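Here the structure is laid out as structure tokens; the discussion comes afterwards.
Laboratory data are not the source of any read-out in this text; all were calculated from the coordinates shown. In this text, all values refer to a predicted model and were calculated from it rather than measured experimentally. Please note: Cβ atoms are built from the backbone with ideal geometry, for glycine as well, and neighbour counts cover all protein chains shown.
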Amino acid sequence: MSRPPEPWHLVKQSPLHGTGVFARRDIPAGTRIIEYRGKRITPEQADALHPVNPDDPFHTFFFSLSNGKVIDGGQNGNDARWINHSCAPNCETQESPQGSRVFVFALRDIPAGDELFYDYGLVMDGRITKTLRKQYGCLCGSAACRGTMLALPKEKPGKNEDKKEKKEKKNKKDGKAKKKDEKEKREGKRKKAKS
Ligand SMILES: C[S@@+](CC[C@H](N)C(=O)[O-])C[C@H]1O[C@@H](n2cnc3c(N)ncnc32)[C@H](O)[C@@H]1O
Ligand SMILES: [Zn+2]
């Protein structure tokens, strides 16, 4: 009888955050390391669930699938739920062709003992504010760290020029507003804040 294959990973305390997952032995690039298991729930059910840790309300075991469902690694999950995020990861996640399962693959050769990471690229509804970025702040410390576990929209080429243009327009507008303000002050037409 053939024995089940030895796992590629082990779970232990991470220097980066809480519990992490590490290479048990050398892992060749392209290896399918582990499946991300857990209960399938709807996004509404995910939103309604209480935080796993009330002291860290932005902690998440959720993994969104392209079929609209969410895998909750906190319910019937496996060791994959402990894999931490990095902005310069050594692993990536791939959906099965049916889009119903997720597997973690090695992006490159990973030496035994290294911590395993993938880029969470968390997707949020609505605008990504500074506060949101901070709430999902990243501690990976890599040179490529974007400071957050959220997926950020790609910068459009020439965006800095757009920014410059916008700033110039704003300065012009502010100048006009200041003049208008001074005029209104003179004429006693300033609105009063509601009390
Ligand atoms: C799926 S858990 C990963 C296991 C986690 N270390 C633990 O002990 O629960 C995901 C959570 O771990 C934390 N985490 C993972 N990677 C992180 C990183 N690079 N920076 C900051 N927090 C991280 C965040 O709280 C995130 O919501
Ligand atoms: Zn980072």
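For the pair residue 78/residue 26, report the inter-label distance in nm, with labels modelled 7 Å from Cα in the Cβ direction.
2.5 nm
Show me, for the range 118-131, the HN-Hα J-couplings you get by feeding each phi into the Karplus relation (A = 6.51, B = -1.76, C = 1.60, θ = phi - 60°), rounded to Hz, glycine and proline as x.
Per-residue couplings from phi come out as 10, 7, 4, x, 4, 9, 10, 6, x, 6, 8, 8, 4, 4 Hz.
Give me the distance between the Cα centres of the range 35-70 and the range 118-157, rounded to whole Å.
18 Å
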